[in-house]
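Inspection log for the structure reproduced underneath, given as structure tokens.
The values are calculated or read from the model by the stated rules, or taken from the named source; none is laboratory data. Quick caveat, the model's predicted, so the values are computed rather than measured. So basically every Cβ, Gly included, is an ideal-geometry build from the backbone, and we count neighbours across all protein chains shown.
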Amino acid sequence: MKLSLIIAWLLSFPLSSLAQNLKDMKTNQNAETEIRNVIENYYFKGIDEGNTELLGKAFYKGALLFGDINGVPYFKTAEQYIEGVGNRISPQKSGKGFKAKIISIDIMNSIAVAKLNVRMYDFNYYNFITFNHIDGQWMIVNKTLTNVQP
């Protein structure tokens, strides 16, 4: 009888940890859906259309952008970047096409990193976008980028 109780007690541990993992998995699935929404409907769409209002919804006000374009260092604040997008001919209007895809999204608690590929004009950008869950929203807090020649 005691042995049966001990075995039952020991078997209960993996089940409770599995329940916790399922809860975390559901939470991460919700977070991933929200992040994908920001990327696809605000970030990608904002870049393609030259829509600064959409981009403004994706970026945290104090976000910074770093990287290199063809070996030339690149640094801007989110405000400078969004203003630049608004002052150029959008990929959509240029007729040169726009192709963007999400390669991966990694989430841990209130932070996430997305790896993206954005092809526009004559560029083949790889972006690493860092998100933070701020006031109930996933916001871009940092962007690093580089142009990779095909």
Sole exception among (1) surrounded by fewer than 16 Cβ atoms within 10 Å (Cβ to Cβ); (2) at pLDDT 95 or above for Ala31, by number: (1)
Residue satisfying all of: in segment 70-100; closer than 20 Å to Glu53 by Cα and part of a loop (DSSP other than H, G, I, E, B); nearest to the chain's Cα centre (by Cα) among these: Ser90
Total residues in segment 34-85, condition at positive phi, surrounded by fewer than 16 Cβ atoms within 10 Å (Cβ to Cβ) and modelled with pLDDT of 95 or more: 0
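Name the residues in segment 134-145 that are surrounded by fewer than 17 Cβ atoms within 10 Å (Cβ to Cβ) and in contact with a strand residue (DSSP E or B) (Cβ under 6 Å, 6 or more places away or on another chain), would you?
To start, the set of residues in segment 134-145 that are surrounded by fewer than 17 Cβ atoms within 10 Å (Cβ to Cβ) comprises 134-137, 144.
Scanning segment 134-145 gives a single hit, Thr144.
A quick yes/no check of all residues on (1) of a type in the set (Asp, Glu); (2) under 17 Å from Glu32 (Cα atoms); (3) touching a strand residue (DSSP E or B) at 6+ places or on another chain (Cβ under 9 Å); (4) in contact (Cβ under 8 Å) with a residue 40 or more places away in the chain:
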{"site": "Asn87", "(1), (2), (3), (4)": "no, no, no, no"}
{"site": "Lys101", "(1), (2), (3), (4)": "no, yes, yes, no"}
{"site": "Ile105", "(1), (2), (3), (4)": "no, yes, yes, yes"}
{"site": "Lys115", "(1), (2), (3), (4)": "no, yes, yes, no"}
{"site": "Asn132", "(1), (2), (3), (4)": "no, yes, yes, yes"}
Failed item, numbered, when Asn109 is tested on (1) over 21 Å from Leu64 (Cα atoms); (2) over 16 Å from the mean Cα position of the chain (by Cα): (2)
